[in-house]
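Everything on this sheet refers to the single structure shown next.
Values in this text are rule-based calculations from the coordinates and carry no lab data. The structure displayed is predicted, hence computed values, not measured ones. Because the Cβ atoms are built from the backbone with ideal geometry, glycine has one as well, and the counts that use them run over all protein chains shown.
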Amino acid sequence: MKNKSLLVILLLFSQWSFSQTYTTGVVNLSSTAGLGMSVKLDITTNVTMTLSGPSGRWFALGFDASSMAGGTDVVGVHAVGLLPNFDANLTGYAAPATDPQQDWTITSDQVAAGVRTIIATRALNTGDANDHVFTAAPGTLSLIWARGNTASFSYAYHGNGNRGIINATFSQVVVPPAPTGAAMQTLCSNSNLSQLTVNGTNVQWYSTASGGNPLPPNTILSNGTTYYASQTVNGVQSLNRLAVLVTLIAAPTAAPVFNNPVLSVCSPSNNITYSVNAVQNASSYNWVLSPGLSGSSQLSSISVSLTPNLSNGSISVNAVNQCGQGPTTIISITQHPSYFNNIVATACDSFLWMGQWYLSSGSFTSNSQSQFGCDSISQLQLTVLNNSQSNINIGQCSPLLLNGQTYTQSGSYQQILNSSLGCDSIVNIQFTLFSSDTVTVALEACDSIEIGGQLFTSSGLVPQLLSSTLGCDSLVLWQLTINPTLYVSIDTTVTDESYEWNGSSYTASGTYSQVFNSAAGCDSIVTVDLTVLTSGVEELAFIIPYPTILQVGDWLHINGQQWDMFDVYGNLVYTIPQLITKVRMDFPVGFYILKNREKTLRIMLVN
């Protein structure tokens, strides 16, 4: 065992919630840019060393020494990865020799921004002659350090610029206890370390109860895993750590299922209890009642009351936990009324109620249930009165008006009236309607006709009311057709010496009349104003004895040959081309002659 030791100064500390420790704080060994080195030694019941140096080469630290004298206890970082030979000693001015007994336990080996940091622990007194004995007391400790001259992990001469000696002073500090909090905590899936609830200052989480690397606050939690929390007060980290077992859950995924719910009730109803099955991960249940329903609960059951006048309502429920709520289940409730009816009735002769006839007055009660199984109580207060009946026979020529009702056909009828007692008064009516005859007679006359002492000169329907043998009206409808005498006046001019008309020959100008029978058998008087010319158009052989009379604007139908049209003076008025079979006669009133190669036509245009 080395004969050098720390100067021990005993201090008493009575505060029960803190343990005592001694620390050097962070001691800067070298501040060379990119090659800096530092160390921190913390002593409680054991010693914890935090050693930092360049990540790209070897570096070493010696305890209680001022040179590379043999027997000096050292640690050396001389490999990129694991350091199985971290614990070593010096045999002189040469590379450190590995201790057969490796007493340092490396709890963390991290590289960040070109700096490698080793955290290691060991007992104060390992019993190894090659190890320095640490004492939990104030004092100073001489430290020597060295690092590689080049970027290599093989021990070699370091040169004057890469080594040094420094005194580290141990001071007593108050070590805070572990932070406090629930040892078992339930969080939602995908939660991280920062969401765990603990009470402490500058809380740091680890995956182990001691040593190990701090975990980032955004580390995603793993279900069923225990995490460990320390706190740092005034730059001193607690030695003990709070263990927290994490259980991760998700929001409920299943909708609650009602256990035999009551869906139909009778009013008024008592409180009804509704319950649902337990839903996985549910911490409570959210019940929502529609208006008219009342009740409150966060459990899996609820007592519900219904207002008496409610017809329909609904209850919805879903499972809830700290991570959210699950699907909702809804049921509908129908409340059916219970009936009590007090019926006051007055009837004539008899009264049918609840399938039974009642012939006398009295009070009667009926107990039954509605179609929904609810009570239905009816009470009847009945008064029975008597009816009356009468018969009448009526016969007349006109429709019968009786008590505001009109009967237009013969037959048997019945009227039900109210008697003075409020009952029916039945009137049986046998009605005979004597018919009034109506006859339509067609009459035809020339110019006028007399009916019933009245002269009619135009066609139309003329009624005449007579009396039948039963004294009823008999209506005769005379359908009159009055045919007038026809008067036709014709102005005509001829060039022949005579004009033949209906068997008569006229040789001089003048006015002539003839009487014919019309198609209706009435007179038809035709008057011709005749003008005989001694010169004009020469007629061909086929002469029509009297002209065709047309009104101005009428159509003249002809064959498809070419026609020439002349006036009475022989002037050509119009030529009708071939293939034309009709001509509209839009010419002045007068006499015209049409000729073709075969015949001659005489045309008289009149207004």
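General observations
- 14 Å tail of the calculated P(r), the stretch 438-483, as % of Cα pairs: 48 percent
- Evaluated at q = 0.12, 0.26 Å⁻¹: base-10 log I(q)/I(0), Debye formula over Cα of the stretch 264-337: -0.33, -1.16
- Over the stretch 16-85, the pair-distance histogram of Cα-Cα distances with 5 Å bins from zero comes to 3, 13, 19, 22, 21, 12, 5, 4, 1, 0 percent, rounded to whole numbers.
- Cα gyration tensor of the stretch 144-294 - equivalent ellipsoid semi-axes, whole Å, descending: 61, 18, 11
- Using every pair of distinct Cα positions in the stretch 339-385, the Kirkwood expression returns a hydrodynamic radius of 11.2 angstrom.
- D (Stokes-Einstein, µm²/s), Kirkwood Cα radius, the stretch 89-184, 1.002 mPa s at 20 °C: 125 µm²/s
- Relative contact order of the chain, pairs being alpha-carbon contacts under 8 Å that are 6 or more residues apart, as %: 6 percent
- Protection proxy ranking of 321-330, 503-512, by the mean of other Cβ atoms within 10 Å over each peptide's residues and highest first, is 321-330, 503-512.
- The stretch 388-433: Rg to Rh, with Rh as the Kirkwood radius over Cα pairs: 1.02
- Signed unit charges on C-beta, dipole axis of the chain, positive-most listed residue Ile392, Val427, Tyr506: Val427
- Taking every lysine pair in the chain that is 8 or more places apart or spans two chains, those with Cα atoms closer than 26 Å amount to 4.
- Cβ-based charge dipole, the chain, positive-most Cα from Cys348, Asn318, Phe153: Phe153
- The Cα atoms of the stretch 184-249 give a gyration tensor whose axes a ≥ b ≥ c have a/c of 1.5 or more with a/b greater than b/c, which makes the shape prolate.
- Note on the stretch 184-249: antiparallel DSSP beta bridges, both residues inside, total approximately 70 percent of the bridges counted.
- Highest to lowest packing among 82-94, 134-146, scored as the average C-beta count within 10 Å: 134-146, 82-94
- Simple point charges give the picture: +1 on the Cβ of Lys and Arg, -1 on the Cβ of Asp and Glu, and for the chain a dipole about the Cα centre of about 5200 debye.
- Here the stretch 348-459 is treated as an ellipsoid with the same Cα gyration tensor; its semi-axes, largest first and in whole Å, are 62, 19, 10.
- For the stretch 447-458, the Karplus equation 6.51 cos²θ - 1.76 cosθ + 1.60, evaluated at θ = phi - 60°, returns couplings of 6, 6, 8, 10, 10, x, x, 10, 8, 10, 10, 9 Hz by residue, with Gly and Pro reported as x.
- For Asp131, Asp586, Asp73, order by how many other beta-carbon atoms lie within 10 Å, fewest first: Asp586, Asp131, Asp73
- Normalised by 2.2 N^0.38 Å, where N counts its residues, the alpha-carbon radius of gyration of the chain equals 2.75.
- Extension reserve of the Trp555-Leu477 stretch, reckoned as 0.36 nm per residue once the Cα distance is removed: 23.9 nm
- Computed over the stretch 19-175, the quotient of the alpha carbon radius of gyration and 2.2 N^0.38 Å is 0.97.
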